[in-house]
Structure formats: C-alpha cells, structure tokens
2 protein chains.
Amino acid sequence: MTFNHKTNMLAGVRVLDMTQFEAGPSCTETLAWLGAEVVKLENPKGGDAGRYATSEKDGIDSFYFMQFNSGKKSITCNLKSPEGVALVKKLVREANVFIENFAPGVVKRMGLDFESIKKENPNIIYASVKGFAEGSPYENFLSFDMIGQSAGGVLSITGEPDGQPCKPGVTLADTGTGMLMSITILGALYRQQATGQGEHLQLAMQDAMTQYTRLAYAYRDLNGKAAPRAGAKLFTTGNAPTGIFPCKPGGKNDYVYIYTTRAGNHHWERLCKLLDREELIDDPRFSGPKERAKNEAVIDNILAEFTKKHTKREAMKLVGECGVPCGAVLDVAELYDDEDLNSRGIFQNMDHPERGSYKMPTWPVKVDGGHLSLPASPLLGEHVDSVLSEWIGMSPEEIEKLRKDGAV
Amino acid sequence: MTFNHKTNMLAGVRVLDMTQFEAGPSCTETLAWLGAEVVKLENPKGGDAGRYATSEKDGIDSFYFMQFNSGKKSITCNLKSPEGVALVKKLVREANVFIENFAPGVVKRMGLDFESIKKENPNIIYASVKGFAEGSPYENFLSFDMIGQSAGGVLSITGEPDGQPCKPGVTLADTGTGMLMSITILGALYRQQATGQGEHLQLAMQDAMTQYTRLAYAYRDLNGKAAPRAGAKLFTTGNAPTGIFPCKPGGKNDYVYIYTTRAGNHHWERLCKLLDREELIDDPRFSGPKERAKNEAVIDNILAEFTKKHTKREAMKLVGECGVPCGAVLDVAELYDDEDLNSRGIFQNMDHPERGSYKMPTWPVKVDGGHLSLPASPLLGEHVDSVLSEWIGMSPEEIEKLRKDGAV
C-alpha cells in the first residue's frame with residue numbers, strides 16, 4: 001500500500017482562512033489536502049471557537065478541531081486591533097482565496113467584507129459561508145448544522161414513517177455545505193489561473209441542502225406532495241425486498257441492508273436460490289416487481305428468517321456474492337477498527353505535536369494509486385513567524401513588535 | 001435579482017462522461033454548471049439507466065434524470081460494438097476528463113479501463129466511482145446509495161435512540177460521493193492546466209461516507225465507543241434545550257429546531273426573556289450548562305408549551321430574532337413553493353425540449369451576485385452530430401455511417 005505524501009495539485013495556491021467550527025474548516029481542509037497552503041487566522045485568545053470547546057482536557061486541541069483542520073497552518077491575529085486588521089489586509093494581497101464563516105454582519109463591522117478586501121486584491125476569490133442567505137428573511141439569524149438541516153428540508157425526510165422528524169447523524173449542513181463551497185472555489189481557481197479573475201462566492205447552509213435532497217424533489221414532482229419519512233426504507237418505494245434485515249446476535253446495529261431492483265426479477269431470483277426457496281420464483285405473489293411490492297411484508301419475513309441465522313458480515317458476504325446489492329450496517333467503532341479500511345489508507349495517523357499519533361479518516365479519493373498521507377492540524381499560532389516572513393517579508397523584529405502590541 | 005446565464009469558470013474543459021444514475025451524474029453536473037462541456041455517453045437503447053426508469057410516462061425523461069443531468073450534452077454510443085469503443089477512444093483524445101461509474105469489472109471488459117484510456121491520452125484525468133474500493137473484500141459487490149450509507153456508518157448514527165437504524169432521506173452515498181469526486185477532479189484540472197499532468201482518481205461510496213461522519217469519530221475518540229443514535233437531538237449531547245419542538249397545527253413537520261450553546265448562558269437567558277419567564281434565569285436547576293443538561297426534560301416541556309402556541313414559522317421568527325439559533329422543519333413541498341428561495345434563484349426553471357418548463361434547485365452557490373441560470377438536461381443522443389463534428393471533425397457522411405452500423 002502506498003500513501004501519497006502530498007497531492008500537490010494546488011501547489012502555489014494560497015488560502016487565507018478566517019473560518020471556524022465545521023462548515024468553513026471542512027472546505028479549507030479539502031484545499032489543504034489537495035496541496036494548497038491554507039493559513040488559518042485565529043483569535044489569539046483561544047483560537048477557532050471549536051479548537052478547545054469540546055476537548056476533554058483544558059488547553060489541548062479537541063478531536064473535533066483536529067478532524068477539520070488537518071494540513072493547515074495557523075497564525076494568530078487580533079481582529080479587534082487596528083494592527084490586526086491591517087495585517088489581514090497585507091496578507092490578503094498575497095492570497096488567491098479569502099474565506100470566512102462568521103456570524104451575520106461580523107466581517108462588515110471588522111472592515112473585512114468583500115468590498116474592502118477586493119480593494120486590497122482585485123483578483124481575490126472571496127468566499128462566505130452563512131446559515132441563511134443574504135436577502136433571506138432570516139439573513140441575520142444564527143445557524144448551526146441542525147438548523148441548516150431543519151430549514152433545508154433534510155429533517156422532514158428522515159425518521160420513522162409514523163414518528164417525528166429525525167436529524168441524520170451526519171453533519172450535512174456543515175461538511176455538506178463546505179464541500180459545495182470547495183467545488184466552487186476550485187472552479188474559480190481554475191479561471192483565476194487562466195485569466196487572473198477573482199470572484200465573490202456566497203453559500204448558505206439552508207440553500208446547500210437542496211443539492212442533497214433532489215430525489216425528494218423528483219418525488220414531489222411525481223406525486224404532487226412532499227416526500228415522506230420512510231425509516232430505513234426508501235420514500236420512492238416500490239422495490240421489495242428493500243430495507244434492513246436483523247442479524248445475529250441482535251445488537252443495535254446488527255442489520256444488513258438488502259436492495260433489489262424493480263427493473264426485472266433477477267435480484268429476486270438470486271435471493272430465492274440463496275435461500276434455497278426456488279419455489280418462490282414461480283409463486284404468483286412474487287412474480288413481478290408490482291406483485292412483490294404488494295406482498296412486501298411477507299417477503300420481509302421470509303428474508304429476516306434467513307438473515308437472523310447469520311451475523312451481518314456473514315449475511316453481507318452471502319447476499320453480495322450472489323449478485324444482490326447489500327451492505328452490513330457498520331458502526332463507526334467497527335469502521336475505525338476495520339482491517340480493510342485501515343490497510344487501504346482510509347484511516348491514517350497524524351503526528352500531532354501535543355496529542356502524538358491520532359487516527360482519523362483521510363481524504364477518501366485515491367489519487368494515482370494511493371491516499372493522502374494525513375498531515376497534522378496546527379497548534380494555535382504555530383506558523384506566525386514563518387507565514388509573516390514568507391508571505392509579506394516581515395523581519396523577526398517587526399513580528400516581535402506585533403506580538404508586544406497584542407496584534408498576533 | 002440577477003441570474004448568471006453561465007459561470008464559465010471551466011471554459012474550454014471537456015469531460016467525457018460515462019456515468020449513470022446519481023453518484024457519477026451529480027459529479028459531472030457540477031462540472032457542467034461551472035462551465036465545462038460535459039458530453040454524456042449513453043447506450044443507444046434507452047440511455048442512462050436512470051433516464052426512463054422512474055418516469056411516469058413511457059419514453060419521456062424522468063424528473064430524476066433531469067435533476068442530475070442539467071447542462072450536459074448527450075451522445076449515443078454502442079459500447080458493445082467495436083466501432084462504438086473505437087469512437088470513445090477517439091473522443092478521449094480530445095477530453096480533459098474521463099469518468100465512469102459502471103459496476104465492477106465492466107470498463108475492463110469493454111477495454112476502457114484506466115490503462116487503455118491512458119494509452120490514448122496520457123494527460124487524461126480518469127475518474128472512477130464505485131460502491132466498494134478496489135482491494136476491498138467487497139470490491140466486486142454491487143452497490144447503491146443505501147448500501148454505501150449502511151456500510152459507511154451513516155445508518156448506525158441515524159434514527160431514534162431506542163429504534164432501528166434509519167436511512168437519511170438524503171442520498172449521501174450518491175450525491176455526497178459525487179461531490180467529493182468533483183472536488184478531486186477540479187484539483188486535478190488545476191494542475192493539468194498548469195503542467196499538463198493527468199491523474200487516476202478512484203472513489204468508493206463506502207469510503208466517501210467517512211468524510212461526512214467525522215463528528216461521530218470525534219465522539220468515539222472521546223467516549224471509547226461508537227456514536228449512538230439520538231433522534232432529532234445530537235449524539236454529542238450536553239446542550240439543553242436542543243432539539244425539535246412541536247408547533248401549531250400539529251402536522252407531521254410542524255416543528256421548530258432550537259439550539260442553545262454550552263459556552264455560557266446567553267442563549268438560555270434570551271429564551272427565558274422571550275418566554276416571559278425571567279425567574280428561570282436564577283433558578284438553580286438551570287444556572288449553568290451542566291445543570292440545564294441534567295434538567296433537560298423539564299426545559300423541553302417549558303419550551304414546548306411556548307412553541308405549541310405558534311406555527312413553526314412564527315416560532316422561528318420569534319426565537320431567531322432574539323438571537324437564539326433556530327430553524328423551522330420545512331418539508332420539500334414548502335421549500336419548493338418558498339417565496340424567498342424562488343425569488344433568490346435557488347429554484348429555477350429549465351426549458352426542456354419535451355417537458356417544457358421544469359423547476360428544480362440550481363447550484364446553490366451565489367457567484368458574483370447571482371445564481372446559475374438552470375440549463376436543460378439533454379435528450380438522448382441530442383448532440384451526436386455537433387459533438388462528433390466539433391470534437392473529432394467527423395463529416396455528416398461519416399456520422400451517418402456510424403448510425404447505420406448501429407454504433408451511435
């Protein structure tokens with residue numbers, strides 16, 4: 001197994017990163033992983049609001065922070081001091097990208113809004129991530145992941161059919177939003193490389209959710225009403241068997257997902273053979289997709305009888321090998337320890353200056369036969385001297401003065 | 001309100017797109033939306049397997065297909081004929097990117113695997129999306145969205161605390177995977193523009209899910225066990241009030257999400273004032289984050305009493321305006337008709353040659369003050385003549401011969 005030390009796709013690209021928590025940091029982390037120099041600008045008093053907040057020990061970087069800031073550099077900068085704001089303006093002249101996800105109104109108050117930054121660098125790509133969009137009735141509202149998912153439609157289509165709306169465990173309005181901004185920044189970088197042109201990019205969490213919920217809009221168009229909740233099944237319905245089936249030894253995540261197509265009978269027939277129930281192939285109750293959909297409860301019972309005799313890994317192997325789509329419901333502890341995902345380099349260790357070795361998922365796309373070797377997240381202000389020297393030629397004396405003035 | 005007719009960020013970029021269903025098409029659609037020329041290569045007999053499958057009428061493009069193929073061109077090509085395969089090889093010499101998401105083994109059998117394509121164009125960016133990774137014990141298994149989400153950990157952290165795993169309504173292993181591949185292709189395009197270098201990119205749905213579930217891995221690291229399911233609340237816990245609260249008139253999605261921070265009492269105090277219950281601020285049961293967490297059930301009842309008196313939109317306005325993060329649980333029909341999202345250009349109409357006007361979400365990132373004007377999805381084979389002429393200089397007679405031979 002080879003890991004790529006760095007991908008270097010974005011060699012030479014400089015990103016000035018004024019983001020915190022997850023929606024912004026997940027975006028700039030992808031840019032760092034692809035080879036950009038991402039300099040995170042942090043409050044000297046505690047840094048990124050997510051840096052220490054969920055840590056189990058005072059003053060040490062949280063796992064949460066480490067997960068979303070791998071591969072970045074960190075400089076401190078006091079944005080409440082004129083020297084701090086002046087420093088940002090100097091740095092932005094050397095940057096390709098400037099990005100922020102402060103609460104509504106904050107960058108304007110600091111004099112670091114798009115118009116102000118563009119005066120310093122007309123070719124800048126300026127990116128803002130917010131909870132609600134400029135011009136929305138909610139534009140001044142605070143937002144976090146669960147708010148974006150609620151107002152963006154995700155909760156309404158997640159949960160049991162007769163139950164309340166449920167929040168997916170994934171942080172889709174944070175990382176999902178970050179991924180869409182990353183795509184757009186990369187598009188803008190492609191043009192900037194060719195023409196020098198900058199760009200103003202704005203994305204709201206609520207709006208970003210429409211990109212991930214489009215199957216539900218297709219459902220609305222077909223059925224003239226909002227897509228419902230369907231538990232572990234699909235709101236699009238009509239495919240039986242489709243869903244999770246219980247496995248040995250009956251724990252909370254001991255299930256295997258089995259999906260069969262509506263386009264023909266081949267998946268169903270393969271299942272009947274696997275179950276040694278070939279007589280069901282000619283049973284009129286199951287003779288076609290419509291018939292099977294009508295008799296879904298009967299089919300689910302037949303299949304559950306089979307899956308209950310196996311662990312989820314065994315069931316997955318048996319069903320998958322006979323050519324029917326299936327997957328065990330794996331939990332994050334199982335995945336964390338999974339031999340396959342570890343040996344292929346999906347999980348890797350960063351070498352953190354204070355935590356030591358820390359294992360987490362790296363960029364899941366394999367590039368040229370290997371995965372990115374996971375770089376460390378930065379300590380608060382770790383790169384003040386090197387970045388101020390390399391980006392804007394500051395002398396050690398000038399940097400020392402900024403420190404004394406409390407600007408960095 | 002201004003809409004950008006085209007973004008043109010990727011002007012001149014050519015993508016040869018052999019993907020179907022959603023994981024691949026959602027990826028190439030972003031490239032088309034950013035301005036690349038994406039040519040979708042489809043089976044002359046029915047095209048992309050998702051084109052007609054879920055349509056309500058025979059022979060007309062499904063809403064599902066339209067959602068994921070906006071802005072692309074379509075050419076037909078019979079990959080079972082030697083002429084068809086030869087045509088792909090000619091086209092790939094003119095492309096920057098080649099992408100496929102066929103079932104395991106298929107491109108190899110067709111002679112269109114990475115090694116074969118690289119011989120035709122050593123600078124190509126070759127991207128493959130699969131359910132399970134090369135080298136995984138499941139590499140030959142079929143997969144769809146729900147399988148990727150199960151095996152990737154997403155179901156294990158979604159659902160009610162005492163219930164079964166639940167599938168988020170969002171198609172995260174499809175579109176979520178597509179977005180990560182899009183990011184990596186764009187990184188590779190940036191380098192290709194600078195150096196000419198091509199790249200081999202591979203992504204599996206199962207692996208892609210680790211990017212969206214990282215909060216659950218941080219939980220595992222803190223707690224030494226898999227993250228649990230938490231319904232509409234957060235598995236990270238500790239913040240009260242946090243969750244959905246019932247609103248008038250009590251329908252399935254009549255809830256408002258309210259979140260309060262653990263970092264201080266300010267959100268809580270604002271809520272108490274809003275509820276005209278300022279005496280609760282000094283109540284020792286709610287004096288700090290830990291105390292509130294312990295008395296969560298009491299707090300939830302107090303807050304529900306208030307929210308029940310209002311519709312979700314009213315409650316959102318009242319709570320949000322007092323500076324507490326909140327969002328109504330909006331369903332996709334409400335969002336589809338939402339005046340704000342429509343007037344801002346998040347929803348737009350494509351002008352489809354057969355369907356007429358069709359409304360769907362466009363790219364949610366605002367670029368230079370406006371959103372992408374939504375381009376139509378292509379009819380099957382709509383661009384055979386123009387693409388074969390423009391890309392490889394074929395004459396009308398040559399194209400006619402390919403048609404007669406059944407190659408296009």
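The values are calculated or read from the model by the stated rules, or taken from the named source; none is laboratory data. Because the structure is a prediction, the values reported are computed rather than measured. Using ideal geometry, Cβ is built from the backbone for each residue, glycine included, and neighbour counts are taken over all protein chains shown. Please note that ligands, DNA and RNA were not included when accessible areas were found on the heavy atoms of the full protein model with its side chains. Shrake-Rupley method; radii C 1.70, N 1.55, O 1.52, S 1.80 Å.
If I ask for residues that are within 17 Å of A:E321 (Cβ to Cβ), within 11 Å of another protein chain (Cβ to nearest Cβ) and out of contact with any Pro (no Cβ under 9 Å at 6 or more places or on another chain), which ones from segment A:225-265 would you list?
Passing the criteria: only A:F245.
Yes/no matrix, rows are residues, columns are (1) within 11 Å of chain B (Cβ to nearest Cβ); (2) in contact with a Leu (Cβ under 7 Å, 6 or more places away or on another chain); (3) surrounded by 24 or more Cβ atoms within 10 Å (Cβ to Cβ); (4) part of a helix (DSSP H, G or I):
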residue	(1), (2), (3), (4)
A:N8	yes, no, no, no
A:L16	no, yes, yes, no
A:T28	no, no, yes, yes
A:L31	yes, yes, yes, yes
A:V38	no, yes, yes, no
A:P44	no, no, no, no
A:G50	yes, no, no, yes
A:D58	no, no, no, no
A:N78	no, no, no, no
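Among the residues of segment B:160-201, what is the count of those that are farther than 30 Å from B:V329 by Cα, more than 7 Å from every other protein chain (Cβ to nearest Cβ) and among the hydrophobic types (A, V, I, L, M, F, W, C)?
Going through segment B:160-201 one residue at a time, the tally reaches 1.
Identify all residues within segment A:304-320 that are more than 9 Å from chain B (Cβ to nearest Cβ), surrounded by fewer than 23 Cβ atoms within 10 Å (Cβ to Cβ) and in a helix (DSSP H, G or I); write none if there are none.
A:A304, A:E305, A:F306, A:R313, A:E314, A:L318
For residues in segment A:202-217 being touching a Phe, Trp or Tyr at 6+ places or on another chain (Cβ under 8 Å) and open to solvent by 10 Å² or more (accessible area, probe 1.4 Å), which is farthest from the other protein chains (Cβ to nearest Cβ)?
Filtering first and then ranking leaves A:M205.
Per-residue answers, yes or no, for (1) among the aromatic types (F, W, Y); (2) touching a residue at least 40 places away in the same chain (Cβ under 8 Å); (3) open to solvent by 30 Å² or more (accessible area, probe 1.4 Å):
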{"site": "A:E83", "(1), (2), (3)": "no, yes, yes"}
{"site": "A:F102", "(1), (2), (3)": "yes, yes, yes"}
{"site": "A:L112", "(1), (2), (3)": "no, yes, no"}
{"site": "A:P137", "(1), (2), (3)": "no, no, yes"}
{"site": "A:I147", "(1), (2), (3)": "no, yes, no"}
{"site": "A:A151", "(1), (2), (3)": "no, yes, no"}
{"site": "A:V154", "(1), (2), (3)": "no, yes, no"}
{"site": "A:T158", "(1), (2), (3)": "no, yes, no"}
{"site": "A:T177", "(1), (2), (3)": "no, yes, no"}
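Restricting attention to segment B:79-93, which residues are under 18 Å from B:S386 (Cα atoms) and under 29 Å from the mean Cα position of the chain (by Cα)?
Once the filter is applied, which keeps residues that are under 18 Å from B:S386 (Cα atoms) and under 29 Å from the mean Cα position of the chain (by Cα), segment B:79-93 yields B:V88, B:L91, B:V92.
Got at least one residue in segment A:87-94 being within 12 Å of chain B (Cβ to nearest Cβ), in contact (Cβ under 8 Å) with a residue 24 or more places away in the chain and surrounded by fewer than 24 Cβ atoms within 10 Å (Cβ to Cβ)?
Checked against the condition, which is being within 12 Å of chain B (Cβ to nearest Cβ), in contact (Cβ under 8 Å) with a residue 24 or more places away in the chain and surrounded by fewer than 24 Cβ atoms within 10 Å (Cβ to Cβ), segment A:87-94 yields no hits at all.
Evaluate segment B:355-370: report whether one residue or more is surrounded by fewer than 16 Cβ atoms within 10 Å (Cβ to Cβ), free of Cβ contacts under 8 Å to residues at least 12 places away in the same chain and not hydrophobic (A, V, I, L, M, F, W, C).
Within segment B:355-370 (the criterion being surrounded by fewer than 16 Cβ atoms within 10 Å (Cβ to Cβ), free of Cβ contacts under 8 Å to residues at least 12 places away in the same chain and not hydrophobic (A, V, I, L, M, F, W, C)), the answer is yes, since at least one residue qualifies.
Do we have B:L180 as modelled with pLDDT of 95 or more and over 27 Å from B:K90 (Cβ atoms) here?
Yes.
Quick one: which residue in A:A227, A:A232 is touching a Cys at 6+ places or on another chain (Cβ under 7 Å), assigned to a loop (DSSP other than H, G, I, E, B) and touching a residue at least 12 places away in the same chain (Cβ under 8 Å)?
None of the other options fit; the residue is A:A232.
Just to be sure, is B:G327 in contact (Cβ under 8 Å) with a residue 12 or more places away in the chain, closer than 24 Å to A:G159 by Cα and either open to solvent by less than 10 Å² (accessible area, probe 1.4 Å) or assigned to a loop (DSSP other than H, G, I, E, B) (or both)?
Yes, satisfied.
Can you find a residue that is assigned by TED's automatic domain parsing to the domain that holds B:R191 and without any contact (Cβ under 8 Å) to a residue 60 or more places away in the chain anywhere in segment B:119-128?
yes
In segment B:337-354, is there at least one residue being in contact (Cβ under 8 Å) with a residue 12 or more places away in the chain, among the hydroxyl-bearing types (S, T, Y) and part of a strand (DSSP E or B)?
Looking through segment B:337-354, none of the residues is in contact (Cβ under 8 Å) with a residue 12 or more places away in the chain, among the hydroxyl-bearing types (S, T, Y) and part of a strand (DSSP E or B).
Does A:F102 fit the bill of being part of a strand (DSSP E or B) and aromatic (F, W, Y)?
When the stated conditions are applied, A:F102 does not pass them.
Pull up segment A:240-269, narrow it to residues that are β-branched (V, I, T) and in a strand (DSSP E or B), then point me to the one that is most open to solvent (accessible area, probe 1.4 Å).
Once the filter is applied, the top-ranked residue is A:I244.
Does segment B:190-224 hold any residues that are without any contact (Cβ under 8 Å) to a residue 24 or more places away in the chain and either small (G, A, S) or part of a loop (DSSP other than H, G, I, E, B) (or both), and which are they?
If the condition is that a residue be without any contact (Cβ under 8 Å) to a residue 24 or more places away in the chain and either small (G, A, S) or part of a loop (DSSP other than H, G, I, E, B) (or both), then B:A194, B:A218, B:G224 are the ones that fit.
Quick one: in segment A:132-149, which of the residues that are closer than 13 Å to A:G105 by Cβ and among the acidic types (D, E) is nearest to the other protein chains (Cβ to nearest Cβ)?
Selected residue: A:E134.
Mind checking whether some residue in segment A:186-199 is under 19 Å from the mean Cα position of the chain (by Cα) and closer than 27 Å to A:F98 by Cβ?
yes
Which is modelled with pLDDT of 95 or more and more than 12 Å from chain B (Cβ to nearest Cβ), of A:G323, A:G381?
Every option except A:G381 fails the conditions.
Given the structure, is A:K401 open to solvent by 30 Å² or more (accessible area, probe 1.4 Å) and under 23 Å from B:A151 (Cα atoms)?
no
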